[in-house]
1. Rounded to the nearest 20 debye, what is the charge dipole size of the range B:41-329 about its Cα centre when +1 sits on each Lys and Arg Cβ and -1 on each Asp and Glu Cβ?
2. Across the residues of B:138-145, average count of Cβ atoms on other protein chains within 10 Å?
3. Residue by residue, what Karplus-based ³J(HN,Hα) values in Hz, rounded to whole numbers, does the range A:223-234 have, using 6.51, -1.76 and 1.60 with θ = phi - 60° and x for Gly and Pro?
4. Quote the total accessible area buried by chains B and A together, excluding ligands, DNA and RNA, probe 1.4 Å, nearest 100 Å².
5. Over the whole of B:250-257, what's the average partner chain Cβ count within 10 Å per residue? Rounded to a whole number, please.
6. If you roll a 1.4 Å probe over the heavy atoms of the protein chains, what accessible area per residue do you get for the range A:41-329, in Å²?
7. Which whole number gives the average, over all residues in A:288-295, of C-beta atoms from other chains lying within 10 Å of the residue C-beta?
8. Residues in the range B:265-297, backbone N under 12 Å from the label point at A:D152 (7 Å along the Cα-to-beta-carbon vector): list them, ranges by number please.
There are 2 protein chains.
Amino acid sequence: MPMSIARVQKARAQARPKLVLAAQTSRSARPPRKAPIPSTHVRDCWPIVQLAHIDIPIVTERLAGIRHKILILSGKGGVGKSTFTSQLAFALASDENSEVGVVDIDVCGPSIPKIMGCEQEQVHPSGGGWSPVYIMDNLCVMSIGFMLPSPDEAVIWRGPKKNGIIKQFLKDVDWGSDERPLDYLLFDTPPGTSDEHLSIVQFLRNSNISGAVIVTTPQEVSLQDVRKEIDFCRKARIPILGVVENMAGFVCPHCHSESKIFYPTTGGAKAMCEELGIPLLGSIPLDPQIGKACDFGQSFIDINPSSPATKAYLSIIENINSLLDSPKSQ
Amino acid sequence: MPMSIARVQKARAQARPKLVLAAQTSRSARPPRKAPIPSTHVRDCWPIVQLAHIDIPIVTERLAGIRHKILILSGKGGVGKSTFTSQLAFALASDENSEVGVVDIDVCGPSIPKIMGCEQEQVHPSGGGWSPVYIMDNLCVMSIGFMLPSPDEAVIWRGPKKNGIIKQFLKDVDWGSDERPLDYLLFDTPPGTSDEHLSIVQFLRNSNISGAVIVTTPQEVSLQDVRKEIDFCRKARIPILGVVENMAGFVCPHCHSESKIFYPTTGGAKAMCEELGIPLLGSIPLDPQIGKACDFGQSFIDINPSSPATKAYLSIIENINSLLDSPKSQ
């Protein structure tokens, strides 16, 4: 079936008068309307998090020495959660007095090993449990990506298996000795509000989560999902450290004018944060070097110190540190 | 903790000699290495799809009259699956002789109602089952987004509840009368290879899926996840119609030079498709008007007929139609 623009235009023009919503449609075969399916039909399974779980005390004890546990969340995929997590980890680990860990709980799409330049590594058992992969002396990573026979192999898992591996990442991994416990443990999550999110909140119930950083892009389609994530955090009583707006504008390398690739039709993250009373931690402009650094497993802020995106990253990290150091978060 | 660029640079420079992988690290407290955790540890739950399910015959009968059932997949989130699904649906429905349906099975992040401009609608019961929302006389949509008390409310569901609603979308929705059955039913999926994907493949096991369109962006981090999705399709025996490369380049509206926002460090989708022997259906350039059209629930190709992105969309849709009309897919 050939389809030219002219043909589509003509067909759409003909179709235009029929652009009606269900209520007004004249489709003769359609039966008269009844009351809508009630929204109580979609009650959520939130109370499951409240239930006791035999492994919670073990996880609580294992993670007891870790000073800050930070969730990196987003509603929508592809907004830059893993990129932000990796850059935050690299920046925090640049202070050699800080011990930093990253857990990749995106079980079906683990991208942290690639982005942090350690995808060829494997996880080894030790006396204290599974040893995470160390990419610097004070920066370690755990991901299912280290355990796959090939990086192209899909992890085709339903919820219970995903929950099982997340539990193992929390209770079986040697997250550092008592003499030198982690200062920061960052959790990179998949998009949405499903099994992985419920499990992590359930297992960390008594572990005092420092807070969540929510990553978004400026367009309304992404902000809509962020509002759902904020609803999730509120229901789960996770403190929200703030929102990071990613891909906020693109500066053309040729003429240096800025374009809004993902247009903030409803005012972007700034307007949403004001409306909901949540801190906006900062906006990071789109820089093609960020994606490149991720493909090569490099620290973007390290190799591009003069980029406006590096300045934005560092300011956001400073904001997060101030919030973590404030008495409220202690 | 204040963090300046100079400080990070200095600290990173000091840290550099220690940038070692686990095998070489000198951390005295670390125990000697043992054999890695074997990859058989992460065996997948693929066989579950092979199991019989009491509802499969009901779904098979309900969808029997629908000519083409197309899955829109991606490994990574945020690559433009829902955007592509909506534009494909609008373009197919521009032929008034075609009946088109869209099912949004991204249960925790339903964006189809927003993108297709019908988010205020509700689902109503009728004699033949739940009536989907009609946005044109020959274009109908079903999404959990129509059933939420508020668009900001999170759907905090584990796998079984998600599977339940997907089953209802297949077996309880009135997808058109016998006299005028759907020509196309498009399934917009969440990223990954988990519950939603296993469920849809399980329920459509005997319904003759026409094929999957896999959407990606050009950078390696996204292509890596696409390879996983291809692995999933092969294991599930879903024919792959081809790959769509989205956000392939950005033409500055000020100086008209092209920039690669998501840099194809490994050759982009073209190189991957050649390597794996899969058709590349086409590349769509980044056009900020696409995101804007989605925020306003409009058909991008209809309101931007002269954009290079519209030409790319139409060529891809033509390619898909040729594949569907070829004897192999009948």
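The values are calculated or read from the model by the stated rules, or taken from the named source; none is laboratory data. Source: prediction; values computed, not measured. Neighbour counts are summed over all protein chains in view; Cβ atoms, including those assigned to glycine, are modelled from backbone coordinates with ideal geometry. Areas reflect the complete protein model, heavy atoms only, side chains present, ligands, DNA and RNA absent. Shrake-Rupley method; radii C 1.70, N 1.55, O 1.52, S 1.80 Å.
1. Computed about the Cα centre, the dipole is about 920 debye.
2. Rounded to a whole number, the mean comes out at 2.
3. Coupling constants for the range A:223-234: 4, 4, 6, 5, 4, 5, 5, 5, 4, 4, 4, 5 Hz.
4. Answer for the B-A pair: about 12200 Å² buried.
5. What the average comes to for B:250-257 is 5.
6. Value returned for the range A:41-329: 32 Å² of accessible area per residue.
7. Mean partner shielding for this stretch: 6.
8. B:272-278
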